[in-house]
Every structure is written in C-alpha cells, then in structure tokens.
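Trainee: Here you go, one structure.
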Amino acid sequence: MGRATPATERLQAERRDLLTEPGLLEAIRAARSVPLPRTLARRCELLERAVLEAEIEQTPDIARRRVRLARQIGAFRPLWRGRRVGRAVVRRSARTDPDRRVRERAYRAEEPLYRPMEEALRTLVTRRNERARSYGFRSFPEFRLSLEGLSVPGLKELLGEALRYVPAEMRRRREAFEDRTGERGWYPWDVAYEFDQEFGLPEERFPGPTMLADVIAAVRGWGFPRRAFRFRVDRHDLSSGGISLAPDPPRDVRVIVHPGGGWTSYQVLFHEVGHALASASIRQPTHLLRWHEHLPGFAGISEGEGMFFEQIATAEPWLRARPGLDRATIDRALPVLRRRPLGSMAFLATWTLRELALYERPDGDTDAFARRLTRRVFGFDEYEPLSVADSFSIELPFYAPSYVYAMLLRPQLTAAALAEVGGPVWPNPRIARWLVDRWFRDGSSYDWWVRLREVSGRPFGARAFNDEMRRLST
C-alpha cells in the first residue's frame, strides 16, 4: 500500500471534485440513453463507473475517515525484538523462524495498529453501505461486484467451487508439519512456515542484484522483444518484491524493484513486470480506454495478468536453468509449488468472506466468524484471529475478490492461449504475440469476463482451476 502524503491526498480530492460535479452523473446517463458510436458509448460507460465510484467511496465524509486511518498505517513501524522495524523484517520471521512462539508474535505484530481501528472501520463500512444503497445497490460489495459481472450470491458460489480441493490439501500440510516438527496443533502462524520448509529452494540461488535482469530474460522466453521492456525501473526498499504503476499507459509505465532476493521476490517481480508489459502493450485512442488498471471493474483482469506471468517462476525448465540448483532440490520443490495455489486460495477466500461478513453485519462478531471459517477451510485449532481491520479494508475496500478472480483467470487464460499457439507454458515464443493481440492491446475497451468467454469458449469460473488442482492432488 502506498503511504498517504499531502500531495496524493490533494490529487485525490481534486479528482473527487471533478467526478462529483453536480449534474455530471445525470448528464452521462442521458448521453448513454441515445445511440452512440461504439467507442464513445464505451467511454461513457467507463466514465459512469468512475463517477459512481467517486460518489460512493470518495465523498468528503468517507475520504476524511479513510485518509486519517491511512496516515496511521503509513507511519506505523512494528516493534520487533526491542526496536522499530519495517514490516518486511517481521514478515520474514513469520515465514522462517523455527520457534513457534516467535512466529506467533510476528503474526500478531500489527495488532497494536489495527485492533484499535476496528470501531472506525465499522463506521466506515456503514457509511459505504449507506452511500451504495443511495445509488440503488443493496450494499457496497454488491456495487463492487456488479462492476465485474458478479453478485454476492454469485461470489459465494464461486468461492465454494474454488475451495473444493483446499481442505484435503490443508490436512496434508498439517500432517507434514506435525511430522517434521514433532509439534501438535495447526495455527495460522504455521502455514507459511510449513510451506517454506517443504519448499526448500535456497534464497541465495535467486540473488537480488541480478533479479531484474533474470526476470526480464525469462519473460523474453515468451517472445517479448527488447523494445517491449521500455518502461521505467526504479529501485526502492519495499515490503514486497516490487510494484508497478501506469500513470499514462502505454507511454508512462513504471516498475519499482525491491533490492532484496529469494524465490518469492522473483515471483512478485514476475507479477509486476506482467502488469507493466500489459499496460505498455495497450493501443487505444483515449485515456479511458487505456487506463484499465485504475478503472472500477478491472482489478480482476489486472491482477490476473500479473499472476499469468508468475507461472514462469514455477516452470520446471526455468528452475532447472537456475545456476546452483541441483536436481533433487528442484524435484522436491516442484510438487509443492504446483499445489501452492490451494493454500493461496484458502487465504484469499477466507479474507474475502470475512470482509464480506463485515459488510453484511457491520456490528457482528467477525472474530467468531473468522474462527469458524478458518477451522472449516484450514482445519486450524482454536486460536484468537487477527483484527478484521487491515490496510486493504481501509484503503482499498473489498479488493480481495480481485485476487480470487486472478487465481481462477490464470489457468483458464493459459489453457486458451495454449489451445491456439500450442507448445509448453514456458519457454514458448508464441505466447507474447497471443497475449498482445488477444488480451493486452484492447485495454478497457471490453470487460475482461466477456473477452475471457470469447477466447476460452466458456464463462469465467473455477473449472480450469479445479481441473488443474485435481490433477496435482491425485
């Protein structure tokens, strides 16, 4: 999450004032009520979405509450081993420390920030629901979901399908954890540690100084020419492997790289380079049709594009080409990597359902709900869950479903590409042209779930994900 600054807050306020100009929404709807050329009609539709989002989420009352909390989040540094540190330090301990007590402390390191925010978040949620209802939606989640072709019941059904093979995988992981450590019980602070131990790819084989060059060289294995990578790259200390920005695609596209290393940082950078290449490949005449990453209703396609590129990090040929990795290490890691989406889906689905429960009952007991939900999905023993407040729930409300869509979109999009171009996932020099022609260049001139049905021959859903996970689980 970006840190709120006076400059960014001022820009947000100016954008809000522009989009909430009295009479603007009515004028757009009047224009859409008469026949228009296709491109102009699409621009009006996208502008209406942007205005609705501003009217619902960017009102002065909601914006003030959100910005006040965002400032606290941006300024917070967790206390760890007696000193204030960056979040990345704590998250590393949560993933790698063999002492279970240390991992739990790392898991809870941000509770002093978020737990006191819950009352303010619940008020914010109530305000968002009220604003959404004033524009004809049942709730704020219904508004968000409507922009991506879904509804609350439809999302719950989708999540139920996507979780089909998750409980069995979590039982397997619990048994592996207890066998490896000799400890009994299964808790949230054990999951990432168990994956890290089972995974076993040494971080030094994925060095930070060569990370950007390594990732770009691997992506070129899909056939992207050198000129496609003419986006700006900066290095900065981040809590993740990187971040991408597209202020004015395709001309102004940027990637910020974290100077660290390790396989996870490489995977994140593949994701961000995917974002950048998607934005740099758009060829549309107007800003509304080019700016798909930042328009309401396009978060799912944006994150899905990033996850499409992440699969290079799990490609067997790429891992076998890494210097210093022996065959036995790779053979041990590959099955773990390929089943990893089940663990990710467990996290994303529970995150989504808990936030949805908050909007459905802002005064409800979200801790009790989280205990029941995670016990069913992960098989956890009794524990005290973290606060329902987090940076996303405050700054990017109900964004979690976008990552769910992305995880489901990736295998469906991959299958569609390979059905047309043939060959392996990677290396495959025909993938780039397919992505650019069939997916990237049209930007926001289409809705992603409509285009996915066109290129894959079936509606968006969990089928491709489940087919893949079933093959890997048997």
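Here, each number is a calculation from the coordinates, and none is a lab measurement. Please read all numbers here as calculations on a predicted model, not as lab measurements. Cβ atoms come from the backbone with ideal geometry, glycine included; neighbour counts cover every protein chain shown.
Trainee: For segment 223-326, which chymotrypsin sites (Phe, Trp or Tyr not before Pro) are in a loop by DSSP, counting at most 15 other Cβ atoms within 10 Å?
Mentor: none
Trainee: How far apart, in nm, are two points set 7 Å out from the Cα along the Cα-to-Cβ line at residue 286 and at residue 151?
Mentor: Reported label-point gap for residue 286 and residue 151 is 3.1 nm.
Trainee: Based solely on its DSSP helices, what 222 nm [θ] is calculated for the chain when runs of n ≥ 4 H residues each add -39,500 (n - 2.57) and the sum is averaged over all residues, nearest 500 deg cm²/dmol?
Mentor: Calculated at 222 nm, the ellipticity per residue is -19000 deg cm²/dmol.
Trainee: If you don't mind, another one. At a threshold of 8 angstrom on Cα-Cα distance, excluding pairs fewer than six apart, so keeping six or more, what relative contact order does segment 110-474 reach in percent?
Mentor: 25 percent.
Trainee: Another question about this same structure. Taking 8 Å as the Cα distance limit and 6 or more residues as the minimum spacing, I'd like the relative contact order of segment 151-300 as a percentage.
Mentor: Across segment 151-300, relative contact order equals 19 percent.
Trainee: Here is a further query. Which Rg and Dmax, in Å, describe the Cα atoms of the chain?
Mentor: 22.2, 70
Trainee: Which loop GluC sites (Glu not before Pro) in segment 131-202, with loop taken from DSSP, have no more than 15 other Cβ atoms within 10 angstrom of their Cβ?
Mentor: Those satisfying the criteria are 183.
Trainee: Calculate how large, on average over all directions, the projected area of the Cα convex hull of segment 158-201 is; give the answer in nm² to one decimal.
Mentor: Result: a mean projected hull area of 3.6 nm².
Trainee: Rounded to whole Å, give me the distance from the Cα center of segment 325-348 to that of segment 134-174.
Mentor: With segment 325-348 and segment 134-174 each reduced to a Cα centre, they are spaced 25 Å.
Trainee: Using a simple spin-label model with points 7 Å from Cα along the Cα→Cβ vector, what separation in nm is obtained for residue 101 and residue 161?
Mentor: 4.7
Trainee: Further question: Can you list the residues, at least 5 places off or on another chain, whose amide H is less than 5 Å from the amide H of residue 291, using H built in the peptide plane?
Mentor: The answer is 444.
Trainee: Okay, next question. Treating only the Cβ atoms of Lys and Arg (+1) and Asp and Glu (-1) as charged, compute the dipole magnitude of segment 1-75 about its Cα centre; round to the nearest 20 debye.
Mentor: With Lys and Arg at +1 and Asp and Glu at -1, about 300 debye.
Trainee: Ok, one more. Considering only DSSP states other than H, G, I, E and B, which chymotrypsin sites (Phe, Trp or Tyr not before Pro) in segment 112-164 qualify as loop sites with at most 11 other Cβ atoms within 10 Å?
Mentor: Hits after loop and neighbour filter: 135.
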